[in-house]
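Written out below as structure tokens is the structure these notes cover.
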Amino acid sequence: MTGLTVGPVTPAAAATHRPSEGSVHSWDLSTGLDGPGTRFVAFLSGCPLTCLYCHNPDTWKMRDGERTSADAMIAEASKYVRFISASGGGATISGGEPLLQPVFTGELLHRLKHELGLHTALDTSGFLGVRATDALLRDTDLVLLDIKSWHPDTYRKVTGRPLGPTLDFARRLADLGQEVHVRFVLVPGLTDDPADVEGVAAFAGGLGNVTRVDILPFHKLGEAKWQALAKPFTLHDTPSPSPEQIAGVREAFRAHGLNAV
């Protein structure tokens, strides 16, 4: 996505352009890596990153999503509040990259939290973290932050974007005392360099607000989507990491006092 302007959304702009709808790829009920408990997960369309291992490349373009009102999303989530709450779960705004639609995302988080009483989570790469207003973050109980590499060159190779904005956002969240779960995708031959792992682990361990780290093993479950979109999947011959590799990376994070799973 060339020409993307990374900048804050001012309160005046939000008030002037506050939409009642956004571009939504899909929604689902999920238990696992989208936050604690069973969660209502809204996948918004549009992403400024083009990660080599993305398992949802069909979410990259905002125009490919379905225009959906915030009212409709809240009405859908409301059907499951009792079930979600009983599991200790909540709602997660994911993508794509939800901060590409910061006002719509902020409205959803606010209403999910204050109208439905749900625990809220924001799933983001952090690249557009500057677009997250303080109000949006106050309505966010948990940030799921992907730190895809510590080496700037590797990060750009993986995502097509610079690393700096993600680290800046992570530091801002730490200053705010915002709870964060870090996710690190382990890709043999790409992000498994010990110095890369150590860099992310030391950074996350030094923030003071990271309560969990998910080590996500690379997989090729999204390859069929790449093929359907006529996009070359360059990691076709890359194996998944072995259990021993995964265990070693977990230990590297645990050495910095982190709850790595």
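Go through segment 183-201 and give me each residue that's surrounded by 15 or more Cβ atoms within 10 Å (Cβ to Cβ), free of Cβ contacts under 8 Å to residues at least 60 places away in the same chain and of a type in the set (A, V, I, L, M).
Residues satisfying the conditions are 197, 200, 201.
Table: residues versus (1) surrounded by 23 or more Cβ atoms within 10 Å (Cβ to Cβ); (2) in contact with a Lys or Arg (Cβ under 7 Å, 6 or more places away or on another chain); (3) under 26 Å from residue 203 (Cα atoms).
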{"position": "75", "(1), (2), (3)": "no, no, no"}
{"position": "78", "(1), (2), (3)": "no, no, no"}
{"position": "98", "(1), (2), (3)": "yes, no, yes"}
{"position": "114", "(1), (2), (3)": "no, no, no"}
{"position": "177", "(1), (2), (3)": "no, no, yes"}
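So that you can scan it fast, the table gives a plain yes or no per residue for (1) over 15 Å from the mean Cα position of the chain (by Cα); (2) under 21 Å from residue 259 (Cα atoms):
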| site | (1), (2) |
| --- | --- |
| 124 | no, yes |
| 147 | no, yes |
| 152 | yes, no |
| 167 | no, yes |
| 177 | yes, yes |
| 191 | yes, yes |
| 223 | yes, no |
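Select from segment 210-221 the residues that are over 17 Å from residue 243 (Cα atoms) and either surrounded by fewer than 16 Cβ atoms within 10 Å (Cβ to Cβ) or of a type in the set (Asp, Glu) (or both) and write down the one among them that is modelled with the lowest pLDDT.
The residue in question is 221.
It is to be established whether one or more residues within segment 223-244 are acidic (Asp, Glu), in contact with a strand residue (DSSP E or B) (Cβ under 8 Å, 6 or more places away or on another chain) and surrounded by 14 or more Cβ atoms within 10 Å (Cβ to Cβ).
Scanning segment 223-244 turns up no residue that is acidic (Asp, Glu), in contact with a strand residue (DSSP E or B) (Cβ under 8 Å, 6 or more places away or on another chain) and surrounded by 14 or more Cβ atoms within 10 Å (Cβ to Cβ).
Only one of these is in a strand (DSSP E or B), polar (S, T, N, Q), crowded, with 21+ Cβ neighbours inside 10 Å and out of contact with any helix residue (DSSP H, G or I) (no Cβ under 8 Å at 6 or more places or on another chain): 120, 92. Name it.
92
Go through segment 133-169 and report how many residues are touching a helix residue (DSSP H, G or I) at 6+ places or on another chain (Cβ under 6 Å) and small (Gly, Ala, Ser).
1
When segment 1-27 is examined, which residues are found to be at pLDDT below 95 and either in contact with a strand residue (DSSP E or B) (Cβ under 7 Å, 6 or more places away or on another chain) or β-branched (Val, Ile, Thr) (or both)?
Residues of segment 1-27 that are at pLDDT below 95, as a first pass: 1-21.
The answer is 2, 5, 6, 9, 10, 16, 20, 21.
Within segment 137-146, can one find any residue that is modelled with pLDDT of 95 or more, part of a strand (DSSP E or B) and within 16 Å of residue 48 (Cα to Cα)?
Going through segment 137-146, the residues modelled with pLDDT of 95 or more turn out to be 137-146.
Next, only the ones that are part of a strand (DSSP E or B) stay: 142-146.
After this cut, where a residue has to be within 16 Å of residue 48 (Cα to Cα) as well, the list is 145-146.
Yes, because at least one residue in segment 137-146 is modelled with pLDDT of 95 or more, part of a strand (DSSP E or B) and within 16 Å of residue 48 (Cα to Cα).
The values are calculated or read from the model by the stated rules, or taken from the named source; none is laboratory data. Owing to the predicted nature of the structure, the values given are computational and were not obtained by experimental measurement. Glycine gets a Cβ as well: all are built from the backbone with ideal geometry, and neighbour counts include every protein chain shown.
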